[in-house]
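The values are calculated or read from the model by the stated rules, or taken from the named source; none is laboratory data. What you are looking at is a predicted structure, and each value in this text was computed from that prediction instead of being measured. Reconstructed Cβ throughout: ideal geometry from the backbone, glycine too, with neighbour counts over all protein chains shown. The accessibility values were calculated without ligands, DNA or RNA, using every heavy atom of the protein model including side chains. Shrake-Rupley method; radii C 1.70, N 1.55, O 1.52, S 1.80 Å.
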Amino acid sequence: MVTRRSNATLDTYLLKVFCMLMTERSVSRTALKLNQSQPAISVALKNLRLVFHDPLLVREKGGMVPTDRALAILEHAKVALDSIDTMLESGEAFDPASSRQTFRIGSPDYLAPAFAASAVARFRREAPHARLVLHALGPDFDFEQSLAEGELDVVIGNWPEPPDRMHLSVLIEDPIVCLMAADHPLAARKMIVDDFRRVQHVVPTPYSMTQRGMIDTVLTSLRIQREECVEAQSFMLAPYLLPGTDLVFTTTRHFARYYAGLLPLAIVESPIEFPLMRFYQLWHARNHHAPSHQWLRHLLGDCGRAMLV
């Protein structure tokens, strides 16, 4: 703890508030992210201004923007928080049963609901006092920066080529199937490639503008063009569009199995030999050795292996 002439003190709480303020550039959003009240964050910002003798955030036409002094401090603040986290975690064993830590996992909406449900159930059993935040990823979300800055602890995804700048492990390997209405004509017989070409497909809006998904990549390599009749804004919506229509949705088996248990749907083997869809968990070197994060990654790995049984 460092004391300044203003008699204000700089501690880890203020450092966390400072870093979040620099990211969100909003007192209200910072309060929401840190599970604090807006008055508490306003007081923290006032103390930070006293510590650093600088307004740190100033109001402009487009909103709040950091001062040059704040931007210069930011990298030092992140390094300081990383050092404190490492110091606190490396010397103590992690006890999930008593932990009140907040864990943050980022994932897209095409993750199998059964996997997410099993992970949450086990998290609640083992760490009943801890908090879990599931963050939705989108095409414009910079997950690598969020991992590097500690905003997320783990990111789950199925990149054709996972980023090589992160640690990773395979969580799930899932075959590709076709999902359709239970009374669809193709549900009663074996589907062939010509059927796949001819049938009307529902497809999700592309998750990434810069990286093509595995299914599209394989279809392109085989010069197979499907009739994309309906584009849905999310994977979760697509199964609900199938009953009563002639549409087909190509997805992973565990995802399809979950919705086939809720809706009048049929799962049909894909006539195209897609490779297994691999879902990875990624994490940054900053928390690679932290016992609490190792526990979380082990939990996710166990839930992924249980999906294969």
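What the table below lists for this structure:
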{"quantity": "Most to least accessible of CYS178, CYS229 (protein chains only, probe 1.4 Å)", "calculated": "CYS229, CYS178"}
{"quantity": "Within segment 169-271: Cβ-based charge dipole about Cα centre, in debye rounded to nearest 20 (Lys, Arg +1; Asp, Glu -1)", "calculated": "140"}
{"quantity": "Order of exposure, largest accessible area first, which applies to GLU24, GLU75 with probe 1.4 Å", "calculated": "GLU75, GLU24"}
{"quantity": "Whole-percent carbon and sulfur share, accessible surface of segment 15-82, 1.4 Å", "calculated": "55"}
{"quantity": "Per residue, in Å², the accessible surface of segment 155-249 once ligands and nucleic acids are set aside, probe 1.4 Å", "calculated": "54"}
{"quantity": "Charge dipole (debye, nearest 20) of segment 49-140; +1 at Cβ of Lys and Arg, -1 at Cβ of Asp and Glu", "calculated": "400"}
{"quantity": "Calculated FRET value between ARG305 and LEU71, using beta carbons and R₀ = 41 Å, to 0.05", "calculated": "0.40"}
{"quantity": "Built amide H within the under 5 Å cut-off of LEU265, gap 5+", "calculated": "ALA182"}
{"quantity": "Where labels lie 7 Å past Cα in the beta-carbon direction, separation of VAL230 and LEU263 in nm", "calculated": "0.7"}
{"quantity": "Of PRO271, PRO96, PRO55, the one that fluctuates the most in a GNM where the chain has Cα springs shorter than 10 Å", "calculated": "PRO55"}
{"quantity": "Charge dipole magnitude, Cβ of K and R +1, D and E -1 - the chain, Cα centre, debye nearest 20", "calculated": "800"}
{"quantity": "Accessible heavy-atom area order of ARG165, ARG29, ARG297, ARG104, highest first, probe of 1.4 Å", "calculated": "ARG165, ARG29, ARG104, ARG297"}
{"quantity": "Estimated 222 nm signal from helices in the chain, with DSSP H stretches of n ≥ 4 weighted -39500 (n - 2.57), rounded to 500", "calculated": "-11500 deg cm²/dmol"}
{"quantity": "Derived scalar couplings ³J(HN,Hα) [segment 49-55; Karplus, 6.51 cos²θ - 1.76 cosθ + 1.60; whole Hz; x for Gly, Pro]", "calculated": "5, 5, 4, 9, 6, 7, x"}
{"quantity": "Solvent-accessible surface (1.4 angstrom probe) belonging to PHE18, in square angstrom, nearest 10", "calculated": "0"}
{"quantity": "Karplus 3J(HN,Hα) series, Hz, for segment 14-31 with 6.51 cos²θ - 1.76 cosθ + 1.60 (x for Gly, Pro)", "calculated": "5, 4, 5, 4, 4, 4, 5, 4, 5, 7, 7, 6, 7, 5, 5, 5, 4, 4"}
{"quantity": "FRET efficiency estimate (nearest 0.05) - Cβ-Cβ, ARG278 to ARG49, R0 41 angstrom", "calculated": "0.30"}
{"quantity": "Amide H within-cut-off set for PHE141, under 5 Å, with H built and near neighbours excluded", "calculated": "none"}
{"quantity": "Share, in percent, of DSSP beta bridges within the chain that are antiparallel, nearest 5", "calculated": "65"}
{"quantity": "³J(HN,Hα), Karplus 6.51/-1.76/1.60, whole Hz, each residue of segment 180-190, x for Gly, Pro", "calculated": "7, 4, 4, 9, 5, x, 7, 6, 9, 8, 6"}
